[in-house]
Amino acid sequence: MSKYQLDYLDQLESESIHILREVAGQFERPALLFSGGKDSITLVHLALKAFRPGKFPFPLVHIDTGHNFPEALRFRDELAAQIGEKLIVRHVGDTIKLKNLTEQKGKFASRNALQTYTLLDTIEEFGFDACIGGARRDEEKARAKERIFSVRDEFGQWNPKLQRPELWNTYNGKIHKGENVRIFPISNWTELDVWNYIRRHNIELPPIYYAHEREVLEFQGQLVATSAFIQLEPTDKISVKKVRYRTVGDMTCTAAVESNAATIDDIISEIIATKTSERGETRIDDRVSEAAMEDRKKNGYF
Amino acid sequence: MDILRFITAGSVDDGKSTLIGRLLYDSKSIMIDQLEAIGRQSKNREDGEIDLALLTDGLRAEREQGITIDVAYKYFSTPKRKFIIADAPGHIQYTRNMVTGASNADLAIILIDARNGVAEQTRRHSIIASLLKIPHVVVAINKMDLVDYSHDVYNNIVIDYAEVARNLGLKDVTYIPISALNGDNIVEKSDKYPWYEGESLLHILENTEVQNDINLTDGRFPVQYVIRPQTEDLHDYRGYAGKIISGVYRKGDKVVVQPSGIESSIAAIEKDGKEIDEAFAPQSVVLHLKDDIDISRGDTIVPTGIQPNVTNELEVLLCWMDNKPLVPGNKYLLQINSRTVRSSIREIQYKLNVNTLQKEEAPDKAGLNDVVKAVIKTAAPIAWDAYAALRSNGGAILIDETSCVTVGACMIQ
Ligand SMILES: Nc1nc2c(ncn2[C@@H]2O[C@H](COP(=O)(O)OP(=O)(O)O)[C@@H](O)[C@H]2O)c(=O)[nH]1
């Protein structure tokens, strides 16, 4: 390799930093949506590279469903404190009370759909005009078509048929009042790219990404952690297994995978060997129909 | 390991989706659950075979109509390279989507159905590839199984296409016979083509040299954001954050700030909070200048040497992307890298027929998907390079201030 050549991870990094700086340059009130998961942790890491020694030109915002993994919440708070950036947390539970929303019923009652309400309220409360998120195009088919700057109307809706052309590395952040833009700086990264980047830069992650013992329930071939949010039935098959998480969402709709991976190298080898996609293996919420994600996105889901 | 971005272009039914599905499948980028999902959908079809094309059609409307209507990005990698595919629709109605996909591509795969040969669409796709200056073109002659793997059929298409390539000035063109359906010459060379001396498609994709496409001679650094911590210990810190889009920057270099023309020199270069002596495209860095001058977003820091053009009038080839027509006199925002200025369309000199390259002189307007040569006047000067000479500083978008939508793509001439 010539002296003036970047490898793929450095190229991806530079592209993402460029996008983050475009957000800073183009918007009045951006926010970075931070969940404590690996993708948003990677975003924070990239933001440090984009803006230090200055402060972030945006706060970190977490929409807490109340069903989050305690390990992820702890990590979220520690990271925000450690880097000295502002963290705003809003709770889906509060929105449910305030607006008398009806919660899903059933075994894996999920607050995924209700999350959208809290997110839109939070956007309105702070007047955010741009929300940075860690979604990637390799995750899912609908996402494969989404722009890096993705405009949402005042109801947070995405219109896949009316997307703006996005050329070169020129991002159009112009919007009308009330609209906002979702911004995806790591659109072009794959799951494996994220893991390789985390390894290269020694980025710290919540412990649930590494293999640990946990009490799980087996449901349709997936392993779901037992918790106060899941209603167990006497016939449920419960056991303690060595597992890790490949994605971190709600405890009710994120499945664990059996694993012995104690280090990041182990995780990467397992991911290379795996035959199931990230979302397919770990998300219970995508299974409803082929178009599940597209429908939820249109309704303002991230 | 580096990155190759490529676009696939073909007419409906040339086999584009099958080809992409094949590349993803054979490079093991498709997971079991995704295969099961397309298996379920394929069952609704009559033939019952797993339809690899279903992998690439993302949105439901597209699944229902069975066509690709927007650019979808797909990813796969081999130990040599990470690949980013911009899967763009080929129909004339979606020229703007193809232009979008082509804008970042290092390479274009132009698919030709061996039974049909070079068609009108083939010409159009090649014209777009040449307008957007995609550096490398691979002409994949598909469905060779349907023409008995005929060397003659292949040769005739190559001869026809060579003419197109010559007219367009396409420089790096490679030809390959394939069957996307059977996987011939996609990952491995197939023995059904003893007369074919080239490599497999994947081999070509892995080995096309793209590093040389980055200009490391003429430095351009558009300032995106100014970092000013304004804390006690960093009171005087003023760093210009941006991405080097071409060239190499070294500590101590004399520079000119464009469009103002003010001179200074580089006091320091920072990357990840550490000082470095030199940085190069496409790195994102922070520059510090020796003199305390007024620089903000939209300025370009350029080493002394060959300067960009600094003018407030531009001649552009423009692809119009909006339903409302472009009419001389219309005003738009023009955005080039981090700089945004007001602009107005002075005149439309001609409209280019994207199927034939014929020019229609002085049309009174341009419609959706039209490509025209136009003159644009900007309210303030901008620093630009000819798109053909420096792609990263020669492309601009037009934004309609009332709808906020991106309505045009300009290649500055
Ligand atoms: N015999 C044969 N059929 C092919 C080949 N490639 C694609 N097809 C078929 O051509 C049709 C159109 O292919 P598709 O990939 O959907 O085309 P697209 O519209 O360009 O995306 C499908 O029925 C494919 O199975 C090939 O190499 N040989």
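Quick notes
- Selection status of residue A:110, within 29 Å of residue A:167 (Cα to Cα) and among the hydroxyl-bearing types (Ser, Thr, Tyr): no
- Residue match in segment B:273-287 (condition: open to solvent by 60 Å² or more (accessible area, probe 1.4 Å) and touching a strand residue (DSSP E or B) at 6+ places or on another chain (Cβ under 8 Å)): yes
- Candidates B:376, B:382, filtered to the one that is touching a Pro at 6+ places or on another chain (Cβ under 9 Å) and β-branched (Val, Ile, Thr): B:382
- Tally, over segment A:44-87, of residues that are in contact with a Lys or Arg (Cβ under 6 Å, 6 or more places away or on another chain) and closer than 20 Å to residue A:201 by Cβ: 1
- Tallying residues that are of a type in the set (Gly, Ala, Ser) and either open to solvent by 90 Å² or more (accessible area, probe 1.4 Å) or away from the ligand (no atom under 16 Å from the Cβ) (or both) within segment B:184-239 yields 3.
- Residue satisfying all of: in segment A:99-131; modelled with pLDDT of 85 or more and of a type in the set (A, V, I, L, M); least open to solvent (accessible area, probe 1.4 Å) among these: A:130
- Only residues that are within 14 Å of chain B (Cβ to nearest Cβ) and in a helix (DSSP H, G or I) were counted in segment A:46-97, giving 7.
- Count - residues of segment A:139-163 that are open to solvent by less than 30 Å² (accessible area, probe 1.4 Å) and within 7 Å of chain B (Cβ to nearest Cβ): 5
- Scan of segment A:119-167 for residues that are in a helix (DSSP H, G or I), under 25 Å from residue A:66 (Cα atoms) and of a type outside the set (Phe, Trp, Tyr), ordered by number: A:119, A:120, A:121, A:122, A:123, A:124, A:125, A:139
- Set side by side, the residues A:30, A:57 differ, and just one is open to solvent by 10 Å² or more (accessible area, probe 1.4 Å), modelled with pLDDT of 95 or more and either within 23 Å of residue A:172 (Cβ to Cβ) or among the charged types (D, E, K, R) (or both), which is A:57.
- Taking the criterion of being under 17 Å from residue B:400 (Cα atoms) and in contact with a Pro (Cβ under 7 Å, 6 or more places away or on another chain), the residues of segment B:340-363 that qualify are B:345, B:346.
- The C-beta contact set for segment A:20-45 (first residue more than 14 Å from chain B (Cβ to nearest Cβ), second residue basic (Lys, Arg), distance under 8 angstrom, 6+ apart or interchain) comprises A:34/A:76; A:35/A:76; A:36/A:76; A:39/A:136.
- Qualifying residue in segment B:169-182 (condition: under 22 Å from residue B:128 (Cβ atoms) and in contact (Cβ under 8 Å) with a residue 60 or more places away in the chain): yes
- Tabulated pairs, segment A:54-72, first among the aromatic types (Phe, Trp, Tyr), second assigned to a helix (DSSP H, G or I), C-beta under 6 angstrom, 6+ apart or interchain: A:56/A:47; A:69/A:208
- Test result for residue A:186, open to solvent by 10 Å² or more (accessible area, probe 1.4 Å), touching a Lys or Arg at 6+ places or on another chain (Cβ under 9 Å), assigned to a loop (DSSP other than H, G, I, E, B) and at pLDDT 95 or above: no
- Of the helices (runs of 4 or more DSSP H) lying entirely inside segment B:90-183, those containing at least 2 residues that are within 13 Å of the ligand (Cβ to nearest atom), open to solvent by less than 60 Å² (accessible area, probe 1.4 Å) and at pLDDT below 95 span B:120-131.
- Looking across segment A:164-178 at every residue that is more than 8 Å from chain B (Cβ to nearest Cβ) and more than 23 Å from residue B:74 (Cα to Cα), the one that is modelled with the lowest pLDDT is identified as A:178.
The values are calculated or read from the model by the stated rules, or taken from the named source; none is laboratory data. Predicted model only: the values in this text are computed from it and were never measured. As a convention, Cβ positions derive from the backbone with ideal geometry for all residues, glycine included, and neighbour counts pool all protein chains shown. Just the protein is used for accessible areas: all its heavy atoms, side chains included, with ligands, DNA and RNA removed. Shrake-Rupley method; radii C 1.70, N 1.55, O 1.52, S 1.80 Å.
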